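Here's the structure, in structure tokens; my notes come after.
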Amino acid sequence: MPNVTGETVKQVLRDLFGYEVSDADAQSIAHSAGAMLTLSSQLGAVGLKEVEPPFGYPTLFTEAARLNKIKS
């Protein structure tokens, strides 16, 4: 798992957003962030190439057509 530390989390939150968090919360966030970073490197193996983004043009166009059909 990538090395994201509680201290790193505290520093980023303090510098970028002006947030102060407890050591326990920072550790929890660091653990979650490390896990997400680890899993994100495996997304290519999941086979999502054919999945359309939820707000892509084709999806929005299809949904608009469906809603217009209901109105008619």
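The values are calculated or read from the model by the stated rules, or taken from the named source; none is laboratory data. Here the structure is a predicted model, which is why all the values come from computation and not from measurement. As a convention, Cβ positions derive from the backbone with ideal geometry for all residues, glycine included, and neighbour counts pool all protein chains shown. Just the protein is used for accessible areas: all its heavy atoms, side chains included, with ligands, DNA and RNA removed. Shrake-Rupley method; radii C 1.70, N 1.55, O 1.52, S 1.80 Å.
Where Lys and Arg each count +1 and Asp and Glu each count -1, what net charge lies around residue 30 among other residues with Cβ under 11 Å from its Cβ?
-2
At q = 0.11 Å⁻¹, work out log10 I(q)/I(0) for the chain with the Debye formula, treating every Cα as an identical point scatterer and leaving solvent out; two decimals please. The computed values of log10 I(q)/I(0) come out as -0.55. Rounded to the nearest 500, the 222 nm mean residue ellipticity of the chain from helices alone is -17500 deg cm²/dmol, with -39,500 (n - 2.57) taken per DSSP H run of at least 4 residues. The phi-based Karplus calculation (6.51 cos²θ - 1.76 cosθ + 1.60; θ = phi - 60°) puts the 3J(HN,Hα) values of the stretch 11-17 at 5, 5, 4, 5, 6, 8, 10 Hz, whole numbers, x for Gly and Pro.
Per residue, the average separation of C-alpha pairs within less than 8 Å and at least 6 apart gives the chain a relative contact order of 30 percent.
For the chain, the share of accessible area belonging to carbon and sulfur comes to 64 percent (1.4 Å probe, ligands and nucleic acids excluded).
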